[in-house]
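Some notes on the structure that comes next.
Readers should treat all values here as calculations from the given coordinates under stated rules, not as data from a laboratory. This one's a predicted model, so the numbers in the text were calculated from it and none came from an experiment. Here the Cβ is made from the backbone with ideal geometry for all residues, glycine too, and neighbour counts use every protein chain on show.
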Ligand code: PLP
Ligand code: TYF
């Protein structure tokens, strides 16, 4: 049996992580995998997580199974965080999943189950795992134009033109905030235009929100998701707690199915529980429980929000410093888009050859499509990166 296996393509982001580790040079900069790092290069356990873990260790009396959809208190807390009061609670079915990846996987399976012929429209580019899971599930994927290499912004006319090719029942995958891998995002007017198109054409939005709090703030980063959820008849939302709670390895996420028809909710809820059962039965609980404790405790929540805000502001100031340094070195505003981008990532918009040159000659590791993890920088390495970008001739 095993000899029938074919080797599968590696995850390029994870492969780059390994290449960085294997590089013996002392002066090297890791702008690869999307994990937050502070100025010392450490990915810390957030204070509120530590405090909640401590409390959990003291108070938890059982590790018995919870439920196929996870603890409803986790869903309630996350729905509050993401959707606020944009839609009635009765309109939302939700199930905990192993990370945001699990939420995406379950969402895709639900789409395939509900509408077997549906195509999924994805931004070009999008997070590579979207493509790889969709292809594994045998689903049809249609890219829509998104990033404009010339301006570093969104090619919005191209995006709308490509989405006009979608048919009723097709799904449009949108990043709720902090687009991965580009860092370029829609403004509110553009979001409304997308919503109008979705409604005119009968398209179903699926929102992937993995970086709430990393862009313009917790509320601002949820605004587009709230706008969509309250203005379309149905949508799916895949949320991750990995980044904003710093609990990557705990595998904590939530899939939400929103319908304005509250009678539909029970069927949606049962389907989400069914899909969990088919794939892994009960979802992980530890991270979800910590998140619930934090969101429901005034002091823990305030401390978490304060630390998250520090994280967000540190990335914003690194962006600004990089854009300023490049402005100083080149005498042009060509790289001003780096300060406009939001979230962990920016796509530089250069060729794989120059990305390779940055690695070979300067020990700077970014993804081949020129995506940089801004949190991989610090005050000392910003000028090093800026000089290298100019040196290789980006
Ligand atoms: N979606 C996007 C766009 C991401 O960048 C990530 C990042 O890790 C995820 C989903 C899911 O992350 P996780 O499964 O670690 O929660
Ligand atoms: O895009 C990133 O870097 C993050 C982390 O298979 C990640 O989303 C990368 C690769 C992967 C899973 C998560």
Q. Per residue, what volume in Å³ does the convex hull of the Cα atoms of segment 55-103 enclose?
A. 113 Å³
Q) What does the highest-first list of 336-343, 188-195, 235-242 look like by mean Cβ count within 10 Å? A) 235-242, 336-343, 188-195
Q | Alpha-carbon centroids, segment 360-394 and segment 271-318: separation in whole Å | A | 31 Å
(Q) P(r) for segment 65-296, please, calculated from all Cα pair distances in 10 Å bins and given in %. (A) 8, 36, 39, 15, 1, 0
Q) In segment 167-293, what percentage of the DSSP-assigned beta bridges are antiparallel, given to the nearest 5? A) 45 percent
Q | For segment 1-136: relative contact order, % (alpha-carbon pairs under 8 angstrom, 6 or more apart) | A | 13 percent
Q: Quickly work out the residue 38-to-residue 234 label distance, labels modelled 7 Å from Cα along the C-beta direction, and quote it in nm with one decimal.
A: 4.6 nm
Q. By how many nm would the segment from residue 390 to residue 340 grow when fully extended, if each residue of separation counts as 0.36 nm and the alpha-carbon distance is taken off?
A. 16.0 nm
Q. Does anyone have the angle between helix 352-362 and the longest principal axis of the chain? Alpha-carbon axes, 0 to 90°, nearest 10?
A. 60 degrees
**Q.** When segment 342-394 is reduced to its Cα atoms, the Kirkwood hydrodynamic radius in Å
**A.** 11.1 Å
Q: Starting from the coordinates of the alpha-carbon atoms of segment 192-259, obtain the Kirkwood hydrodynamic radius over all distinct pairs and give the value in Å to one decimal.
A: 12.8 Å
Q) Once you put a point 7 Å from the Cα of residue 124 and another 7 Å from the Cα of residue 310, both along the Cβ direction, what distance in nm separates them? A) 4.3 nm
Q) Taking the mean number of other Cβ atoms within 10 Å as a proxy for protection, how do you rank 170-182, 116-128 from highest to lowest? A) 170-182, 116-128
Q. Taking only Cα atoms, what is the 0 to 90° angle, nearest 10, from helix 47-59's long axis to the longest principal axis of the chain?
A. 40 degrees
Q) For residue 1 and residue 113, what is the calculated FRET efficiency with R₀ set at 35 Å and r taken between the beta-carbons, to the nearest 0.05? A) 0.75
Q) Rounded to the nearest 0.05, what FRET efficiency do residue 351 and residue 54 have when you use their Cβ-Cβ distance and R0 = 35 Å? A) 0.10
Q: Return the whole-Å distance between the Cα centroid of segment 192-261 and the Cα centroid of segment 1-37.
A: 29 Å
Q | Approximate shape of segment 1-113 as ellipsoid semi-axes (Cα gyration tensor, √5λ), whole Å, largest first | A | 34, 25, 17
Q. Under the Kirkwood approximation applied to all pairs of distinct alpha-carbon atoms, what is the hydrodynamic radius of the chain in Å?
A. 21.8 Å
Q | Computed E for residue 219/residue 263 - FRET, C-beta separation, R0 22 angstrom, nearest 0.05 | A | 0.10
**Q.** Cα-projected label distance for residue 278 with residue 8, points at 7 Å along beta-carbon direction, nm
**A.** 1.8 nm
**Q.** the chain, relative contact order in percent, only Cα pairs under 8 angstrom and at least six apart counted
**A.** 26 percent
Q) Given the rule -39500 (n - 2.57) for each run of at least 4 DSSP H residues, summed and divided by the residues of the chain, what is its mean residue ellipticity at 222 nm, to the nearest 500 deg cm²/dmol? A) -14500 deg cm²/dmol
Q) Expressed as an acute angle from 0 to 90° and rounded to the nearest 10, what is the orientation of the C-alpha long axis of helix 99-114 relative to the principal long axis of the chain? A) 50 degrees
Q: State the antiparallel share, in %, of DSSP beta bridges confined to the chain, rounding to the nearest 5.
A: 45 percent
